[in-house]
């Protein structure tokens with residue numbers, strides 16, 4: 001589902017649609033708070049770092065998880081990622097194996113992350129955490145789950161798109177939020193805003209004293225020269241336009257850009273159409289790493305990816321926060 005435009009309105013002028021839907025948004029926020037108040041969260045004996053968000057949709061959680069895998073590994077940890085495997089069919093818990101699992105089974109994001117470290121998928125987060133610990137994890141990175149009270153968290157990082165902020169400040173369906181901003185920030189230990197310098201400067205949310213780190217997605221230097229390349233770009237991520245903008249900044253000439261729904265499945269009809277259009281336009285098919293994980297192997301060689309990685313400004317303060325939550329083993 002594509003997010004409605006009024007979700008991005010400023011909080012002081014959310015639009016008539018948001019005002020009409022406000023009672024439903026208030027109910028959604030109340031239900032989230034009620035769920036969070038249930039029971040005592042479980043502990044599985046190792047620190048848990050949650051990478052979540054207050055907004056729905058893509059804010060940069062997957063690149064953040066990959067960055068954390070690298071940082072925690074440098075600290076001497078054996079970090080394992082746990083995920084519900086959105087879009088996958090496996091019940092789990094199961095350790096993701098890129099050699100035998102597909103995105104249909106385990107989800108596209110876990111499959112992508114598994115190229116960088118150990119990943120476990122399961123619908124029951126507590127059972128999945130237990131399996132990861134038994135599998136050798138010294139620290140767990142929880143991909144999403146900020147609003148899930150089942151597992152105790154030692155550090156909660158809220159990721160937000162610096163350009164969009166918290167949208168119109170309303171909960172679903174009146175706005176893009178899973179819960180009111182002030183309620184979510186009370187449980188957060190760090191806010192990571194992701195965007196370029198202009199977006200970071202414009203990000204004006206009141207974080208209530210929660211520390212803020214700044215990050216930006218930067219293309220990985222692979223030796224590929226994009227300058228002047230004619231491309232047909234397609235992306236089924238939270239904000240496809242960010243991908244298209246990155247391609248243009250690299251010098252690519254986008255002759256057609258197709259924005260798909262987040263996690264949209266690639267059927268034979270769509271893939272045949274994209275291939276035919278690229279051929280007619282004399283253009284190269286290009287997509288994101290996450291989208292490539294969902295492509296059938298028989299089609300993947302026809303598509304080039306533009307890999308990007310998270311660059312965190314002033315990494316040392318963030319590392320200090322990590323070390324306090326998850327001391328080196």
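Read the figures in this text as sums done on the coordinates, not as results from a lab. For clarity, every value in this text was computed on a predicted model and none was experimentally measured. Neighbour counts run over all protein chains shown; Cβ positions are idealised from the backbone, glycine included.
Order 84-95, 132-143, 270-281 from most to least packed using the mean count of other Cβ atoms within 10 Å. Each step should come with its number before you reach the end.
Values: 84-95: 18.9, 132-143: 21.0, 270-281: 14.3.
Peptide ranking by packing, descending: 132-143, 84-95, 270-281.
First measure r as the distance between the Cβ atoms of residue 277 and residue 196, then evaluate 1/(1 + (r/R0)^6) with R0 = 22 Å and state the FRET efficiency to the nearest 0.05.
Values: r = 30 Å, r/R0 = 1.37.
Using R0 = 22 Å, I get an efficiency of 0.15.
All distinct Cα pairs of region 230-306 go into the 1/r average, and the inverse of that average, the Kirkwood radius, is 12.3 Å.
A straight chain from residue 220 to residue 33 at 0.36 nm per residue would run longer than the Cα-Cα distance by 63.4 nm. Full extension of the chain between residue 255 and residue 75 yields a length gain of 60.3 nm, computed as 0.36 nm times the residue separation minus the alpha carbon distance.
For region 112-262, dividing the convex hull volume of the Cα atoms by the residue count gives 159 Å³ per residue.
Can you compute log10 of I(q)/I(0) for the chain with the Debye formula, treating each Cα as one identical point scatterer, at q = 0.14 Å⁻¹? Each listed q corresponds, in turn, to -1.20.
Extent of region 1-147 along its three principal axes (Cα atoms, max minus min coordinate, largest first): 51, 33, 31 Å.
For every helix of n ≥ 4 consecutive DSSP H residues, a contribution of -39,500 (n - 2.57) applies; sum these over the chain, divide by its total residues, and give [θ] at 222 nm rounded to the nearest 500 deg cm²/dmol.
Values: 12 runs with 110 residues, N = 329.
My calculation for the chain gives -9500 deg cm²/dmol from helical runs alone.
Exposure proxy for 30, 226, 120: other Cβ atoms within 10 Å of each Cβ, ordered fewest to most, give 30, 226, 120.
Would you compute the Debye intensity of region 167-213 from its alpha-carbon atoms alone, equal scatterers and no solvent, and pass along log10 I(q)/I(0) at q = 0.15, 0.16, 0.23, 0.31 Å⁻¹ to two decimals? Those come out to -0.44, -0.50, -0.94, -1.16, one per q.
The protection proxy used here, the mean number of other Cβ atoms lying within 10 Å of each residue, ranks peptides 33-39, 235-241, 100-106 as follows, highest first: 235-241, 100-106, 33-39. Ranked by how many other Cβ atoms sit within 10 Å of their own Cβ, fewest first, the residues 7, 16 fall in the order 16, 7. Label positions at residue 24 and residue 309, each projected 7 Å from the Cα along the C-beta direction, are separated by 4.3 nm.
Between residue 212 and residue 12, what FRET efficiency follows from the Cβ-Cβ distance if R0 is 22 Å, with the result rounded to 0.05?
Numbers: r = 22 Å, r/R0 = 1.00.
E between residue 212 and residue 12, to the nearest 0.05, is 0.50.
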